[in-house]
Structures are given as structure tokens and as C-alpha cells.
Amino acid sequence: MAKKGEREQWGTKIGLILAVAGNAVGLGNFLRFPVQAAENGGGAFMIPYFIFFLLLGIPLMWIEWGIGRHGGKFRHGSAPGMFDVLWKNKLAKYFGALGLFISITILIYYTYIESWTLGFSVFSLFGMYSNETRETMTGFLSSYQGITKSETFTSLWPAYILMIITFALNFAILYKGISKGIERLAKIAMPLLFLFAIILAIRIIALGTPDPAFPENNVANGFAFIWNPDFTALGNPNIWLAAAGQIFFTLSLGMGTIHAYASYLKPDEDIVLSGLSTASTNEFAEVILGGSIAIPVAVAFFGLDATKQIAQGGAFNLGFVSMPIIFGSNHFPLGEVFGFMWFLLLFFAGITSSVAMGQPVVAFLEDEFGMDRKKAVTTLAIGVLAAVQFVIFFLKFGFLDEMDYWAGTFGLVVFALIETILFMWVFGADKAWKEMNNGGDIQIPRFFYYIMKYVTPVILLILMIWWFVQSAVPTLLLENAKPENVPYIWGARILMITIAVVIILMVKRAWSINNHNKVM
Amino acid sequence: MGLTTSGIIFLSLAWGIILSLVTYCFYKVFRIEQKK
């Protein structure tokens, strides 16, 4: 931990890359990507996917690293301060408050989901599910979540205790600081995550046809489901938007977390190679490993038609219902061990992301209010622990989904658009370009200057308008909400508005008591 | 069904691009770190 008055720094470059990659690699890499690819044209989906990786993912990654390291020069580890130094306007810091709102709101529900993966890894090891059907496994999950009751789970206590353990782990790591906490976690969790994923992928590929009575249910057909291209899909604009959305989510862009990590770099330390390395590490986890586990094994066990239904049921259905059925099947020898590895790798993917979501608020309290790390982490922990109670107890009423839509989906693209405009247009493209390339181990190819200035903001604007029309308006008007859920959805909105107001007032207070923007 | 020729091409291309990028990045990172 840094001495009082000093800002912490990363211990090693590889530790930093693993930490930012850990932030990006999440549950979506292993659950969301294969579903998206299979549903949106198979191999043909990779054409828009790679195009948006080039035009949206990599440019935004460098922009966020650039804004973060620039803000760090002025002792700002969170978006309000960073935006304030980019744009000399009273409003800038309030735009940055959106970054704090997004990271803390996602942290509230994400840590709870993360605790499920920890719980299921333990359940796997003890063989608590075996020879389950889709009905019984759905019942197992919903009783664990306290939605229904079963012989295994008669109350919410197991889920609650696991949530407390997950919370304690997260905040203990945050308390330890950047180098001794977050970096050390990344150096342990990320190699283990890759090891487990590689072992699982090899095991699944080796499965071939698990039940000879159904020869068409095999792993090769699972790969075919993801990779055989359907070129007619490329004429559908929804496929292109799905690819842009996937790139956006998978790299954890628009959350304020990459900025926070980059703020602990020295002013002349490389960000170009580090940014590219984290993006490519994430793609390795997503396309190569994520694409080789869940969907191929689902096709091998359930067949193509059932897997299509599972995919339409969403990522949770695939991860927490279908995968346990497979690991608990007689056709999967040592399923307990592989199930344990599957859920533990999801837990590692989750915890490396959730500590990143906590860091912007901790940095904000430290940098703008002069709190020590212990006080900052304790303040965040109390706030998050209070808010998560609503998520746990109102889960079945769509409380989590409402928060996930506004903070974890729509809010991200709004924040990314704001930061791109501020950095490339208000701060100035030439200054931004110089800032990003400063100290670079490699230089950014010149054509990215034009992509960052013109193409990336236009894609973000199109995404934002599209999502606004397609989903934000119907969600806001509660068009698809069940009548019994409406009061709880409004409860989620009131909670989010409260969080936003508290953050705005804290930003206002911080700027009224401090002299800001002194260079380190 | 099985993987078609175009499926194998797409899988190989996607994996190839990503593996090349990861190898390039980490080769550079470790080489530069060693020099330092």
C-alpha cells in the first residue's frame, strides 16, 4: 500500500495487463459470446465481429487507457476528475459521475451473480446435482435463489452466506490495494482461469459423441453450429448491431474501470501495447476458449434443436441449468471435477471484473475526499451491502434485470460516446493522439487517428439510437413487464436515482472543498 | 451436419488472427520487459 499522500502504482507490466484483461474477461466471454455467434449467422458473425473489434473495441480501449493515464497525472483515479481535466467546464465532472454510477450499480448485482458461481463450484465438488433434467435443474437454481423451495434448498440462507463470502473476498482484495490486492489476484486468478478453460475445452473436444444412441449429437456438430457461416445473415442490420454490442460488452468498455486502472500508471509508461495486449487476451478467452466449451458440449448432450432453445433462453440458462445437467450426467466421467472447474473459472472471471468495478469509487473517495484506503473501501462496502439486499430479495420481480438494462447495457454506450467526444473532439484529437502514443512500446498506426475521431463516435451514436428505439423506450414504458413486477421495477429505478443523486452531490461537494487539477 | 469447408475456414481464420495477435503482443511485452 502506498504511503499517505502518495499514489499507488502497478508492480509489473504483466500484472497490469492481466488485471485489465481480468476486468474484461467475465461471464459473458464463456456464456454470451457462443450464444450470440450461434444465433447470428454462425461463422459469418465473425465478419462484423472482427470489423467492430477494429473500429470500436481497440480504439475505445486506447481512448480509455489514454483518459485514465492522463487523469492520473492530476491525481484523479475516477471519471469525474478525469473529465474535468479534459474539458474546462463546470459540467464535465458531472458527465464523469456517470462512470461512477455505472460501475457501482453493476457492482451491486454482479457480485451477487458471482457468488452463485462460487456456490455452484462447491455444489459440483460435493456432487449435489447428478442425473438432473432441465425441470429439476431449473428448480435447483430457483430454490437456491430463494424463488421457490426444494428439498435441497429450503431457504435463501446458503445463497446469502455465499454472497457474504464473495463480498468479503472482493473488499479484502480492494483493501489490499492496487499492487498487493488487485494485481496479486490477477496473477493468480487469470492463469488458473486459462488453465481450467483449456482443460475443459480439450476434455469437451475429446468427448466426441457422448451417447452412441444419438450419433448426430456430437461435439463436431456443436462447432458447426457456431462456425458454419450463414452469409444471408450479413444482410440483416441486427446481426451487425449484435456484433458491435458483443465487442462493446466483452471488453468492459464504457464502465470507468479501465480508466481507474490506467490512472495508476506513470505518465510516460506504455499504454498502446498494454491496451492491445489486454484486448487480444480477452479475445483469446472469448473466441477460442468461450467458443469451445458451452455450446459444443450442449449440442453433444442435448442435440441441435434443444441447444437452439437453450441459447434462446439466455446465458444464465446455458451456464447454470444446462451445464450442470451435463456435468452431472453419467456420460460425463469425473463430471464433479469438471463442473467444479467450470464454475470456479466463472468465479475467477467474475471476481477479477468485480474488483475492477469497485476501484473507481474507492479511487474517487481517496483522491477527491482524501480518505485513506481502509475508510474508502469500508464506505463502499457498506453502501453496496445495503443496496444488494434489494437485489437478493426482489430478484424474482425483475429488480436485477432493470438495473442491468440501464447501468449494464444502455448506460455503457452513453458513457462511451461521451468520453470519445470529450477526448477526441473537446480535448482535441491531436492532443489525444499525442497523449495515447506518449511512452508507447509500439506506436498506434495512423489510420486509427481517423477511426477514433470519426468512425468510433458514429458507431456509438448509431448503437445508442438503435438501442434507445428498440429497447430503452419499451423498457422505460414497462411494455413487457409483468403487472406484479411493476412496483419492484419502480423500486429499482428509485434505488438507481438515489445512487445517481448521491454521486452527483458527492462530486459537487468534492469540488467545493478541494483545489483540483494540480499535476503530480 | 458437421463442420463445412467454409466453417473450417472461418474457425481457422478467427483462431489464427487471435493467436497471432496474442503471440505478437506478449512476445513484445516480454522482450521489452527483458530489455528493461
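Quick notes on this one:
To keep it simple, each residue is scored yes or no on (1) part of a helix (DSSP H, G or I); (2) open to solvent by less than 10 Å² (accessible area, probe 1.4 Å); (3) within 11 Å of chain B (Cβ to nearest Cβ).
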position: A:LEU273; (1), (2), (3): yes, yes, yes
position: A:SER280; (1), (2), (3): yes, yes, yes
position: A:PHE284; (1), (2), (3): yes, no, yes
position: A:VAL287; (1), (2), (3): yes, yes, yes
position: A:GLY291; (1), (2), (3): yes, yes, yes
position: A:VAL299; (1), (2), (3): yes, yes, yes
position: A:THR307; (1), (2), (3): yes, yes, no
position: A:ALA311; (1), (2), (3): yes, yes, no
position: A:LEU318; (1), (2), (3): yes, yes, no
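- A:ARG32 part of a helix (DSSP H, G or I), within 24 Å of A:THR456 (Cβ to Cβ) and open to solvent by 20 Å² or more (accessible area, probe 1.4 Å): yes
- Boolean, A:ALA260 is crowded, with 24+ Cβ neighbours inside 10 Å, away from chain B (no Cβ under 11 Å) and not in a loop (DSSP other than H, G, I, E, B): yes
- Any hit, segment A:160-180, residues being open to solvent by less than 20 Å² (accessible area, probe 1.4 Å), touching a Lys or Arg at 6+ places or on another chain (Cβ under 8 Å), more than 27 Å from A:GLU286 (Cβ to Cβ) and at pLDDT 95 or above: yes
- Within segment A:21-37, considering residues that are hydrophobic (A, V, I, L, M, F, W, C) and away from chain B (no Cβ under 12 Å), the one farthest from the chain's Cα centre (by Cα): A:VAL35
- Subset tally (residues that are open to solvent by 30 Å² or more (accessible area, probe 1.4 Å), over 16 Å from A:VAL287 (Cα atoms) and not in a loop (DSSP other than H, G, I, E, B)) for segment A:200-232: 5
- Only one of A:GLY77, A:GLY11 that is surrounded by fewer than 24 Cβ atoms within 10 Å (Cβ to Cβ), in contact (Cβ under 8 Å) with a residue 12 or more places away in the chain and over 30 Å from A:PHE231 (Cα atoms): A:GLY11
Conditions tested, residue by residue: (1) of a type in the set (D, E, K, R); (2) farther than 21 Å from A:LYS176 by Cβ; (3) modelled with pLDDT under 95.
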site: A:VAL20; (1), (2), (3): no, no, no
site: A:LEU31; (1), (2), (3): no, yes, yes
site: A:PRO34; (1), (2), (3): no, yes, yes
site: A:ALA44; (1), (2), (3): no, yes, yes
site: A:ILE47; (1), (2), (3): no, yes, yes
site: A:ARG69; (1), (2), (3): yes, yes, no
site: A:HIS76; (1), (2), (3): no, yes, no
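Conditions (1) touching a residue at least 24 places away in the same chain (Cβ under 8 Å); (2) within 21 Å of the chain's Cα centre (by Cα); (3) away from chain B (no Cβ under 14 Å), marked per residue:
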| residue | (1), (2), (3) |
| --- | --- |
| A:THR133 | yes, no, yes |
| A:GLN145 | yes, no, yes |
| A:ALA172 | no, yes, yes |
| A:LYS180 | yes, no, yes |
| A:GLU183 | yes, yes, yes |
| A:ILE199 | yes, no, yes |
| A:ALA213 | no, no, yes |
| A:TRP227 | yes, no, no |
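- Selection within segment B:1-33 - of a type in the set (Phe, Trp, Tyr), more than 7 Å from chain A (Cβ to nearest Cβ) and surrounded by 12 or more Cβ atoms within 10 Å (Cβ to Cβ): B:TYR24, B:PHE30
- Residue within segment A:58-74 that is open to solvent by 30 Å² or more (accessible area, probe 1.4 Å) and within 14 Å of chain B (Cβ to nearest Cβ) present: no
The values are calculated or read from the model by the stated rules, or taken from the named source; none is laboratory data. On a predicted model such as this, the values are computed, not experimentally measured, just so you know. All Cβ positions, glycine included, derive from the backbone under ideal geometry; neighbour counts span all protein chains shown. Accessible surface is based on the protein model in full, side chains and every heavy atom, while ligands, DNA and RNA are left aside. Shrake-Rupley method; radii C 1.70, N 1.55, O 1.52, S 1.80 Å.
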